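Quick notes on the structure that follows.
The values are calculated or read from the model by the stated rules, or taken from the named source; none is laboratory data. Bear in mind the structure is a predicted one, so any value in this text is a computation, not a measurement. We place every Cβ from the backbone using ideal geometry, glycine too, and count neighbours over all the protein chains shown. In case anyone asks, the SASA skips ligands and DNA or RNA and just uses the protein heavy atoms, side chains included. Shrake-Rupley method; radii C 1.70, N 1.55, O 1.52, S 1.80 Å.
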Amino acid sequence: MTDLRHLISVEAITSKQWDELYTLCRDIIDNPLEFADSCKGKVMASLFYEPSTRTSFSFQTAMMRLGGSVFGFSDPGASSVSKGETLMDTVKICSAYADAIVMRTPWEGSALAASLYSEIPVINAGDGGHMHPTQTLTDLTTICQKRGKIGGLNVGLCGDLKNGRTVHSLIMALSKFPNISFYLISPRDLAAPDYILRHLKENKQKYIEVTGLEASLPLLDILYMTRIQKERFTDPLEYERNKSVYVLTKRKLDRAKKDLLVMHPLPRVDEIALDVDTDPRAVYFEQARYGMYIRMALLLTMCSRARYTPPSYDIGKGAICKNERCITQTEHYLPNLTRNVQGGRQCLFCEKEIP
Ligand code: CP
């Protein structure tokens, strides 16, 4: 893949880079043993400040299947993070030991922050409720494998669109493909954030926001279910109000297209009933397996990057972003990176508008 130093957001991936990555992924799926030593001698740092099953394990198994090695933590309390070490210092140290850093945290913009100080590629494995680009690579791979191409699709995204990072990344990515219509299905409290809606408008995408799943279901080519993200709620009553609001059942699928793809990044809670699992339209377990193959392609590509010296940044004088989940709220040395948007300024880390 040409010239992608870090993977922070899918927005940075061009169509050409996606084609190269997917071609490599298909080659790996068809001939896995030919790649068994492709990353021999390479080392991946796996820094998971937040729980994970699929992303963490698929990255680890991807590296193992390429002949490389993995170190890191799944509990930051077992590292010097518990002694107060900054993200910057942790990244500088791991970048001295490894060839790529895979990182998940609860803070929005943390992968971009880490990339400022890293000599090696930083791969965003989920930064709070912001983005999850490698889940999107998984989703795009699944659509390509199942449909042959991406384009001309009615895509329903259902659930917690406010906090669901997988949805944010997927919308950004699908906006690059032709003739996609988005059905944004969520409770009003959990609608997609302003920066996602702005992206859709700026890119002249067709979308509607609705609260009901049943009415849209017969129109959809892809239904992307997501769970209500309990861990992101500051008000437990708000979670209680919105949990279990959407439950897809086999009976409801009677009204859906015969070639619908039911996708889910997983884990699920109760939003897809177990009786859907045996429906041939349910592809979420296959989707998780494709995640390992596309991550193999990504690691193989990014671990071959030459080490580089990142530029120096001014030491920040405190956050100007008001988003309490932005990485600038906890890592105070970060520079204030912003850009002008219509009507104001936007934080480049979390992409929220600065009031
Ligand atoms: N899809 C996904 O990110 O799952 P995990 O949280 O288990 O990694």
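Quick one: how many Å² of THR23 are accessible to a 1.4 Å probe, rounded to 10? Rounded to the nearest 10, the figure is 90 Å².
Taken over the Cα atoms of the chain, the convex hull encloses 137 Å³ per residue. For the chain, the fraction of 1.4 Å probe accessible surface lying on carbon and sulfur atoms is 52 percent.
Cross-link partners for LYS146 among the lysines, with Cα-Cα distance under 24 Å and sequence neighbours closer than 8 places in the same chain left out: LYS16, LYS176, LYS206, LYS250, LYS252, LYS257, LYS258. Charge tally for THR86 (other residues, Cβ to Cβ under 15 Å; Lys, Arg +1; Asp, Glu -1): -1.
Of the residues MET225, MET88, ranked by 1.4 Å probe accessible area with the largest first, the sequence reads MET88, MET225. Considering only alpha-carbon pairs that sit under 8 angstrom and 6 or more positions apart, the relative contact order computed for the stretch 133-287 is 24 percent. From largest to smallest, the equivalent ellipsoid semi-axes obtained for the stretch 239-355 from the alpha-carbon gyration tensor read 40, 24, 13 Å. For the chain, the membrane-span-like helices by this rule, meaning whole DSSP H stretches whose C-alpha atoms cover at least 18 Å of axis and whose Kyte-Doolittle mean is 0.0 or above, are 284-302; this says nothing about an actual membrane.
Sorted on the mean count of surrounding Cβ atoms within 10 Å across their residues, most packed first, peptides 29-38, 103-112 read 103-112, 29-38. Probing with 1.4 Å while keeping every protein chain in the model, the per residue accessible area of the chain equals 43 Å².
In terms of accessible area, using a 1.4 Å probe and ignoring ligands and nucleic acids, SER82, SER58 rank largest first as SER82, SER58.
Just how far, in whole angstrom, is the stretch 245-275 from the stretch 287-355 if you go by their alpha carbon centroids? Spelled out, the Cα-based centre of one part sits 33 Å from the other. If you wrap the tightest convex hull around every Cα atom of the stretch 25-73 and split its volume per residue, you get 65 Å³. Any idea how far the Cα center of the stretch 39-90 sits from the one of the stretch 124-151, in Å? Centre-to-centre distance over Cα atoms comes out at 21 Å. When shorter helices are ignored and each DSSP H run of at least 4 residues is given -39500 (n - 2.57), the per-residue value for the chain at 222 nm works out to -9500 deg cm²/dmol. Taking amide H positions as modeled 1.01 Å from N, with prolines and chain starts lacking one, no residue 5 or more places away or on another chain lies under 5 Å from ARG281. Size descriptor for the stretch 132-219, Kirkwood hydrodynamic radius: 13.2 Å (Cα pairs only, one decimal).
Counting only residues at least eight positions apart within a chain, or on another chain, the lysines with an alpha carbon under 20 Å from that of LYS83 are LYS92.
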